[in-house]
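The values are calculated or read from the model by the stated rules, or taken from the named source; none is laboratory data. The shown structure was predicted, so the numbers you read here are calculated from the model rather than taken from an experiment. Here the Cβ positions follow ideal geometry from the backbone for every residue, glycine too, while neighbour counts run over all protein chains shown.
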Amino acid sequence: MKKALILLLAAVFPTLLCAQSALQQLEQMAGQSIHDVYVPDPGDPVPVDPDPEEEPQQSTHLKDYTPAQEQEEETTAQPAQSAQPAPEPKPKTAQELWEEELQQQREREREYNQKYVDAQNKYYEDIKEHEAYAKERYERLKNERPTVRAVPQFSSSGERNFQFDHPMSAHELKYSYDIVLENENDTLYHADMMRFVEPGGNALQPSTVRFLGTRMPGGRVEWRMFEERPNIRDPHRTLTIYREEEKLSTESRIKAKDIWDVKMAAEGRVMILEMKNGNNVVIRPNGDFLCEGRHISFPAMMSEGVFVECDGKLYSSIAPRYTGPLIEGDHFEYYNKTIIVQNHDANNEPYYRLTTYGGKSYDIKKHQWTDRGEQTRYSYLSHFSNDGDYYVVKPQGKNYYEILADCGTLFKGKKKYKTIEEAHAAWQKEKAYIIDTWRRHPEKCAKIDKR
């Protein structure tokens with residue numbers, strides 16, 4: 001043991017001597033000893049304000065840690081767990097499936113009923129709007145003096161006529177002409193022809209009536225009337241209703257099955273039905289009744305409709321439903337803006353009235369068109385054309401004649417005359433006076449009483 005220690009010291013001692021010798025050499029080189037260096041006392045520490053531009057260091061003190069940080073560290077430290085598959089939905093019971101189906105059925109019924117109500121409301125709103133517009137046009141006609149023109153006698157404008165290659169049943173017509181019959185039980189009926197007013201033609205009312213005809217033994221044709229109406233339960237389709245047993249209107253006792261012939265008139269503005277009893281029924285293209293009588297004529301028309309004379313009564317096709325005649329008389333003479341109407345009093349004496357196409361009569365005393373005037377009857381009233389159109393009138397109960405001239409509006413002459421011959425002789429002077437009055441004082445024309 002001792003021997004080993006001695007050997008260790010012997011080995012280390014030379015190294016220590018070398019180290020001491022090196023230290024002494026350094027001290028000599030510096031000129032002083034390392035132990036002679038003076039180190040001043042630093043004193044108490046001076047606090048220093050931190051630099052605001054420097055970011056504060058995160059404290060690692062225990063009190064700066066929060067549970068959230070610990071939880072985050074723990075979460076980070078934990079390995080990600082694999083996602084668990086979602087549990088399979090529990091199958092519905094039969095009761096739940098039945099209740100769900102019942103609820104869906106209720107929703108479908110509610111939606112269907114709402115569509116039905118909306119379509120029905122729109123149908124009646126359209127009818128009200130059309131009737132209101134018809135009433136407005138009719139009032140305008142009565143309070144104006146429209147310019148009319150003659151009705152073409154041989155025009156087929158606005159008419160649609162079909163001749164079938166073979167008799168067609170109601171079902172064949174349904175698929176060939178987009179007819180949807182509300183009552184399809186009448187399958188034995190076969191039609192040879194069809195007539196109706198062209199949709200969107202001259203008629204103001206929509207074309208909703210169709211007539212189907214079949215040839216009978218002996219050459220006559222039996223006609224049946226069908227009416228198109230909106231299909232409220234299916235707004236995208238229309239219903240064509242067969243109206244054989246229905247009356248044509250509340251004013252007529254004629255039934256649709258009594259139709260002998262069907263004709264279009266006034267370029268499709270109205271339709272004439274010749275009935276088995278010899279009467280003629282005039283209807284509008286939408287099926288509305290206008291008038292009925294033995295003698296029917298169409299004296300004039302305008303852009304908005306046609307005038308129909310029916311057994312001494314004048315009607316207009318633009319009048320609202322169930323509207324009476326505009327004028328009644330025993331005889332009518334039609335001119336550009338005026339009508340001469342002849343009637344007879346209780347003693348069978350004739351008297352005359354000068355009227356507008358809207359039914360207003362001319363009152364010569366008040367110089368206006370009215371339906372309330374007392375001076376609207378004339379014992380003499382006639383129209384003449386001699387270098388211009390004018391009327392010679394003799395008020396009822398008076399002994400003089402006067403001249404009236406229509407220069408777009410009606411003006412009265414300046415003087416009164418004892419005889420018709422004097423009135424005719426003075427026409428050129430009265431014409432110059434009326435034209436000058438029309439140019440310088442247009443307000444002196446006959447006004448229309450709009451009361």
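Okay, residues lined up against (1) more than 23 Å from V209 (Cα to Cα); (2) exposed (fewer than 14 other Cβ atoms within 10 Å of the Cβ); (3) in contact with a Cys (Cβ under 7 Å, 6 or more places away or on another chain); (4) at pLDDT below 80:
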{"residue": "E109", "(1), (2), (3), (4)": "yes, yes, no, no"}
{"residue": "E129", "(1), (2), (3), (4)": "no, yes, no, no"}
{"residue": "V151", "(1), (2), (3), (4)": "no, no, no, no"}
{"residue": "S169", "(1), (2), (3), (4)": "no, no, no, yes"}
{"residue": "L181", "(1), (2), (3), (4)": "no, no, no, yes"}
Residue under question is I340, and the condition is that it be over 30 Å from W223 (Cα atoms) and either under 35 Å from the mean Cα position of the chain (by Cα) or surrounded by fewer than 21 Cβ atoms within 10 Å (Cβ to Cβ) (or both); does it hold? yes
Residue hits (the stretch 103-143; without any contact (Cβ under 8 Å) to a residue 12 or more places away in the chain and aliphatic (A, V, I, L, M)) are V117, I127, A132
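Quick check: is even one residue across the stretch 315-325 of a type in the set (G, A, S) and modelled with pLDDT under 85?
no
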Within the stretch 380-451, strands (runs of 3 or more DSSP E) holding 2 or more residues that are out of contact with any Ser or Thr (no Cβ under 9 Å at 6 or more places or on another chain) and not assigned by TED's automatic domain parsing to the domain that holds R353: none
Here, strands (runs of 3 or more DSSP E) confined to the stretch 305-359 with at least 1 residues that are in contact with a His (Cβ under 8 Å, 6 or more places away or on another chain) and not polar (S, T, N, Q) are 305-310, 331-334, 339-344, 350-355
Checking N399 against (1) over 29 Å from Y138 (Cα atoms); (2) surrounded by fewer than 16 Cβ atoms within 10 Å (Cβ to Cβ); (3) in contact with a strand residue (DSSP E or B) (Cβ under 6 Å, 6 or more places away or on another chain): exactly one of these is not met. Which one? (3)
Listed residues Y315, Y351, Y334; which is surrounded by 21 or more Cβ atoms within 10 Å (Cβ to Cβ), in contact with a strand residue (DSSP E or B) (Cβ under 7 Å, 6 or more places away or on another chain) and hydroxyl-bearing (S, T, Y)? Y315
